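Inspection log for the structure reproduced underneath, given as structure tokens.
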Amino acid sequence: VTEDLKAPIAVNSTGFAGTGLQCLTIEHDTIFITSTSDTDQTTIDSKGRMTSIAPTLSEYTKNLGNDLVKQGVLTGKRIAVVYPDTPGYPEAIKEGLIASLKKAGLNIVQEDMIGCKGGSSCADGTPASVDKLLTNKIDVLFPALNVVSLPGYLKEMATKGIKNGQIQMYQSNYNSQAGDLVSSKVVDFGGAEAAALYNGTIAIDTTPTGD
């Protein structure tokens, strides 16, 4: 968009996220109007060029954590949090979700950062992370991975014998995972077993689904 078309302004209404936002607004000084968001730092570094109607990533995950704490559904649970090493994303999870859960005194047994090798597909460390879910007897998982990475993680879980309902999963709209477009890719990229495992995941977000 910026290099080939020389566009001074870009507009997006889908799940476009990750390093692409930083490429547009910071590296190429392009004004970007979007329905998604990025980290607090990206918003600051874009110097006003990124305009979003959505909360920042840390706000998404903080709101998720606070809501579940109020519901009391995490009390006594063994919790795992998995997230990518995409620049700014670990900080968003730590400042949002993890800070919220720790403030409530909840039991975060496992925290794994999955490597992306500078790209958008994140799989480095996935097998070991899934093994730890079993070893640690995890009850609740926050799989904060993107549209192309989450299906692979779920497929690994299914391959290792984890069944639907064994681990309750929760999502916010971090990485646009609360939307139908992105969540539907679990079956497209991960297959029927991954989709069956993901069935029953609870997404907490203000955006309606099914539209």
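The values are calculated or read from the model by the stated rules, or taken from the named source; none is laboratory data. Since this is a predicted model, take the numbers as computed values, not measurements. With ideal geometry, Cβ positions are generated from the backbone for all residues, glycine too; neighbour counts draw on all protein chains shown. Accessible surface areas use protein heavy atoms only, side chains included; no ligands, DNA or RNA. Shrake-Rupley method; radii C 1.70, N 1.55, O 1.52, S 1.80 Å.
Annotations
- Residues being under 18 Å from Q171 (Cα atoms) and more than 17 Å from the chain's Cα centre (by Cα) are entirely absent from the range 79-99.
- Any chance G165 is closer than 17 Å to S149 by Cβ, in contact (Cβ under 8 Å) with a residue 24 or more places away in the chain and either open to solvent by 40 Å² or more (accessible area, probe 1.4 Å) or under 17 Å from the mean Cα position of the chain (by Cα) (or both): no
- Those residues of the range 95-105 which are part of a helix (DSSP H, G or I) and modelled with pLDDT of 95 or more, in sequence order: L97, I98, A99, S100, L101, K102, K103
- Residue, least open to solvent (accessible area, probe 1.4 Å), within the range 180-200, restricted to residues that are out of contact with any Gly (no Cβ under 9 Å at 6 or more places or on another chain) and aliphatic (A, V, I, L, M): V186
- The set of residues from the range 60-89 being at pLDDT below 90 and not hydroxyl-bearing (S, T, Y) comprises P87, G88.
- Qualifying residue in the range 129-142 (condition: at pLDDT below 95, farther than 15 Å from Y60 by Cα and surrounded by fewer than 21 Cβ atoms within 10 Å (Cβ to Cβ)): no
- Members of the range 183-211 found to be part of a helix (DSSP H, G or I) and not charged (D, E, K, R), listed by number: S183, V186, V187, F189, G190, A192, A194, A195, A196, L197, Y198
- The lone exception for V81 - which of (1) closer than 23 Å to G152 by Cα; (2) open to solvent by 70 Å² or more (accessible area, probe 1.4 Å); (3) β-branched (V, I, T) it fails: (2)
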